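Notes to accompany the following structure.
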Amino acid sequence: MSDSLERLYQAVIAARDLDPGVSRTARLFQRGPAKMAKKLAEEAIEVVIDAVNGNTAAVVRESADLLYNLTVLWASAGVRPEDVWNEMARREHLLGIAEKLPKSTVKMPKATAAGVARRPIVALEGRALRKRH
């Protein structure tokens with residue numbers, strides 16, 4: 001997967017200076033980080049709505065859009081995919097690959113004899129949501 005995102009990142013970098021009239025990527029760069037962030041948030045919301053509604057095919061499509069918009073925002077901010085992978089590796093070392101790093105060290109789980117204690121995985125309640133179009 002990281003190879004695919006690296007290829008996407010390189011394509012975004014190559015497209016940022018194209019004609020904004022024909023390139024969505026160039027148009028996003030022209031409009032700036034606020035527009036990029038708005039598009040990223042819209043795609044994230046669409047993924048959530050489709051996931052809650054159980055629409056797997058739509059989750060796949062919207063996730064691809066989400067990754068594209070995230071990659072555009074990374075490129076704008078000077079973040080490379082390898083920077084994110086390095087942070088993921090650092091977090092995996094601290095908490096395990098399937099855990100999000102807490103916002104404060106107060107919430108950090110205590111270490112056990114076998115390593116770091118793991119928090120239980122909690123599923124979200126399912127509620128039917130509708131996408132706005």
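The values are calculated or read from the model by the stated rules, or taken from the named source; none is laboratory data. Everything quoted here is computed from the prediction, not taken from an experiment. Please note: Cβ atoms are built from the backbone with ideal geometry, for glycine as well, and neighbour counts cover all protein chains shown.
Residue-wise test of (1) assigned to a helix (DSSP H, G or I); (2) over 13 Å from Ile13 (Cα atoms); (3) touching a residue at least 24 places away in the same chain (Cβ under 8 Å).
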position: Ala37; (1), (2), (3): yes, yes, yes
position: Glu43; (1), (2), (3): yes, yes, yes
position: Asp50; (1), (2), (3): yes, yes, yes
position: Ala58; (1), (2), (3): yes, yes, no
position: Glu62; (1), (2), (3): yes, yes, no
position: Asp65; (1), (2), (3): yes, yes, no
position: Asn69; (1), (2), (3): yes, no, yes
position: Ala75; (1), (2), (3): yes, no, yes
position: Val79; (1), (2), (3): no, no, no
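Quick one: how many residues across the range 1-26 are surrounded by 15 or more Cβ atoms within 10 Å (Cβ to Cβ) and without any contact (Cβ under 8 Å) to a residue 24 or more places away in the chain? Number satisfying all stated conditions: 4.
For (1) more than 16 Å from the chain's Cα centre (by Cα); (2) β-branched (Val, Ile, Thr), each residue gets a yes or a no:
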site: Leu8; (1), (2): no, no
site: Gly21; (1), (2): yes, no
site: Leu28; (1), (2): yes, no
site: Ala34; (1), (2): yes, no
site: Glu46; (1), (2): no, no
site: Asn55; (1), (2): yes, no
site: Thr71; (1), (2): no, yes
site: Ser76; (1), (2): no, no
site: Trp85; (1), (2): no, no
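In the range 1-35, the residue that is modelled with the lowest pLDDT out of those that are within 16 Å of Tyr68 (Cα to Cα) and outside any helix (DSSP H, G or I) is Met1.
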